[in-house]
């Protein structure tokens, strides 16, 4: 799966956000650590989203293999 993230540096920290996943943000002390943290944040976001039991009746979760 490929997903786009916006990354930037604030002082000594690297920050990242995934626009396609609301609330999916993280940071790291180095660029490499940020990339690891982004991967963990995306996986965690997707795990939580797939476990939510209550969805609006007109919405559904589907799993795609890419």
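Tell me, yes or no, whether the stretch 22-40 has at least one residue that is outside any helix (DSSP H, G or I), at positive phi and touching a residue at least 12 places away in the same chain (Cβ under 8 Å).
As a first pass, look at the stretch 22-40 and keep what is outside any helix (DSSP H, G or I): 22-30.
With at positive phi added as a condition, the list becomes 23.
Those still in the list that are touching a residue at least 12 places away in the same chain (Cβ under 8 Å) too: 23.
Yes; the residues of the stretch 22-40 include at least one that is outside any helix (DSSP H, G or I), at positive phi and touching a residue at least 12 places away in the same chain (Cβ under 8 Å).
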Worksheet item: Of these, 16, 44, which one is at pLDDT below 95 and within 12 Å of the chain's Cα centre (by Cα)?
Response: 44
Worksheet entry | Residue tally, condition crowded, with 16+ Cβ neighbours inside 10 Å and out of contact with any helix residue (DSSP H, G or I) (no Cβ under 8 Å at 6 or more places or on another chain), over the stretch 1-34 | 2
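The values are calculated or read from the model by the stated rules, or taken from the named source; none is laboratory data. Treat the numbers as computed from the prediction; the structure is a model and nothing was measured. Don't worry about glycine lacking a Cβ; one is built from the backbone with ideal geometry, like all the others, and counts go over all protein chains shown.
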